[in-house]
Amino acid sequence: MADHNIGTREEWLAARLELLKAEKELYHRSDELARRRQELPWVQIDKEYRFQTDEGSASLANLFLGRSQLLVYHFMFGYGFRLTDKRRGCTGCSFVADHFDGVIPHLNGRDITLVCVSLAPLQELQDYKRQMGWKFPWVSSLGGDFNYDFGVAFTQEQQRSGADYNFRHVDKAEPQKEGMSAFALQDGVVYHTYSTYARGVEALMGTYQFLDLAPQGRNEDELEFRQAWWRRHDEYEDER
């Protein structure tokens, strides 16, 4: 552990009270951003999307599972970070998805369904889900436009010539990227309400909130790239 300032309890308390002011400002700012997010206009979905689920073919409206709100995590599969022949789910997306099972009952209790969608065969998703010990709903959008239309998958032409990702143009797009999209179902009509990408999905990674409370924080500054320490949850022991 790196050297750090050592002080008295009085010095700590004075510094902590100053930090508390900044924390409260951040919380209030976050509340305001959440309010603005909820005030975004809804966009009606007119296109018919189909998904393969454990129960068979389903529409986007079916994914709500009888609730009025839907959160879709766009899970990178067959492309991404630290893939192997046996483990085709992106390590970063796997890190995000580790937070889902515990929160789902609370979301369901607030009329929200959470589902992962991937551009991959359903059987491969089911196999990886079993490997990882997950229970959340995970469906395949293979053969459809859903991932492309919501800015997380890119055609070969887009990969060569560029496309929009995270609301800005990139000269060369990757085949897949991560993201989260939100939808509402009202009077039988599905509306797109919100999408976020890149570091926007960090809000789903509760582990980072714990790291931010620890003495060394995220401790990523000396890494070659920020995500270099990420592993699947059963792979940390392999490197000790």
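Values in this text are rule-based calculations from the coordinates and carry no lab data. Please read these numbers as outputs of a predicted model, since none were measured by experiment. All Cβ positions, glycine included, derive from the backbone under ideal geometry; neighbour counts span all protein chains shown.
Ranked highest first by average number of other Cβ atoms within 10 Å, how do 174-180, 35-41 line up?
174-180, 35-41
Report, ordered by chain and residue number, the aspartates and glutamates lying within cross-link reach of residue 172, taken as a straight Cα distance under 19 Å and ignoring same-chain residues fewer than 8 apart.
Excluding near neighbours in sequence, the set is 149, 157, 164.
Output the peptides 42-55, 189-202 sorted from most to least packed, where packing is the average of other Cβ atoms within 10 Å over each peptide's residues.
Ranking the peptides 42-55, 189-202 by packing returns 189-202, 42-55.
I'd like the distance separating the alpha-carbon centroids of segment 172-240 and segment 84-134, in whole Å.
13 Å
Compute the whole-percent fraction of alpha carbon pairs in the chain spaced more than 29 Å apart. Mind showing how you got there, number by number?
Details: 10679 of 28680 pairs.
Everything past 29 Å amounts to 37 percent.
Please identify the cysteines of the chain that lack any partner cysteine with a Cβ under 4.7 Å from their own Cβ.
116
Among 53, 22, 163, pick out the residue whose Cα is farthest towards the positive end of the charge dipole of the chain, where Lys and Arg carry +1 and Asp and Glu carry -1 on C-beta, about the Cα centre.
Farthest along the dipole direction, towards plus: 53.
Can you compute the modelled spin-label distance between residue 199 and residue 167, with each label point 7 Å from Cα toward Cβ, in nm?
1.5 nm
What is the packing order of peptides 158-167, 84-93, taking the mean over residues of other C-beta atoms within 10 Å and listing the highest first?
Descending mean neighbour count gives 84-93, 158-167.
Semi-axes of the equivalent ellipsoid of segment 35-89: what are they in whole Å, largest first, if each equals the square root of 5 times a C-alpha gyration tensor eigenvalue?
Three semi-axes, in Å: 28, 18, 11.
Could you give log10 I(q)/I(0) at q = 0.18 Å⁻¹ for segment 16-63, computed by the Debye formula over C-alpha point scatterers of equal weight, without solvent?
Rounded to two decimals, the profile gives -0.71.
Could you work out the equivalent-ellipsoid semi-axes for segment 109-240, taking the square root of 5 times each eigenvalue of the Cα gyration tensor, largest first, in whole Å?
The equivalent ellipsoid of segment 109-240 has semi-axes of 27, 21, 18 Å.
Considering all projection directions equally, how large on average is the shadow of the alpha-carbon convex hull of segment 164-240, in square nanometres?
Mean orientational projected area (segment 164-240, Cα hull): 8.8 nm².
Using the structure shown, select from 86/135; 24/129; 129/177; 86/177 the pairs with a Cα to Cα distance greater than 28 angstrom.
The pairs that break the limit, which is 28 Å between Cα atoms, are 24/129.
Below 8 Å, C-alpha to C-alpha, sequence gap of six or more: please give me the relative contact order for the chain in percent.
RCO, the chain: 21 percent.
Per residue, how big is the convex hull of segment 28-122 when only Cα atoms are used? Give it in Å³.
Roughly 150 Å³ of hull volume per residue.
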